[in-house]
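What follows is a set of notes on a single structure, which appears directly below.
A short reminder: the numbers here are calculations on the coordinates, not readings from a lab. No experiment lies behind these values; they were computed from the predicted model shown. We place every Cβ from the backbone using ideal geometry, glycine too, and count neighbours over all the protein chains shown.
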Amino acid sequence: MITLKDVAEGENGDWLVEGPGGERLVLRRYHDLAGAGWVVPAPVAEVVEVGGRWYGPTRYVPGAAVRNEPVAQRRRRGTDMARVDLALRALGDPLGQRPGWRPQHTHRSVHADVDWPGCVARLGAADPRLGAWAAAAAAHVEAELAAIGAEELPLTLVHGDFAEWNVH
């Protein structure tokens with residue numbers, strides 16, 4: 001077993017292990033959000049493979065997403081997002097950046113495989129005015145982020161779709 005990431009108890013950790021037949025697997029320990037007061041779908045049994053797909057039973061999280069949120073519910077979701085941020089804040093440095101992604105404030109695209117100059121060049125070939133606008137807008141945002149010292153911001157975990165359809 002090779003330790004990939006091991007941090008304080010109660011936080012995420014990963015180990016590279018050799019499974020039956022010699023395949024390489026990652027054993028993962030998840031942060032205990034439930035212990036921080038969150039109702040989360042924590043695993044309750046092992047995952048199983050059926051027909052080439054993986055299934056894992058988790059704890060039932062009661063409730064339902066609130067569709068067409070009123071203003072008060074949007075405010076509550078914002079408050080909850082701040083609580084999630086606080087609960088996960090210490091995990092940014094130990095876990096590092098998600099593979100294939102980059103911190104949004106450090107590049108013109110969060111996806112590492114996006115060829116931004118190539119995309120803008122192709123856009124400019126199709127519509128010179130729009131291509132020039134995209135290049136200028138990106139340069140302006142980059143300058144503004146540099147001016148406020150955004151590159152010094154710590155890495156933090158985010159919930160990519162903490163939206164009304166995905167929160168109970």
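Between the amide H of residue 101 and those of 112, distances stay under 5 Å, these residues lying 5 or more places away or on another chain, with hydrogens modeled in the peptide plane. The HN-Hα couplings worked out from phi for segment 146-153 by the Karplus form 6.51 cos²θ - 1.76 cosθ + 1.60 (θ = phi - 60°) are 5, 5, 9, x, 4, 5, 8, 5 Hz, whole numbers, x standing for Gly and Pro. Sorted ascending by nearby beta carbons within 10 Å, beginning with the fewest, 24, 83 become 24, 83. Electrostatic tally near residue 73: other residues with Cβ closer than 12 Å to its Cβ, Lys and Arg +1, Asp and Glu -1, net +2. Report summary: the helix-based calculation at 222 nm, which adds -39500 (n - 2.57) for every DSSP H run with n ≥ 4 and divides by the residues of the chain, gives -10000 deg cm²/dmol.
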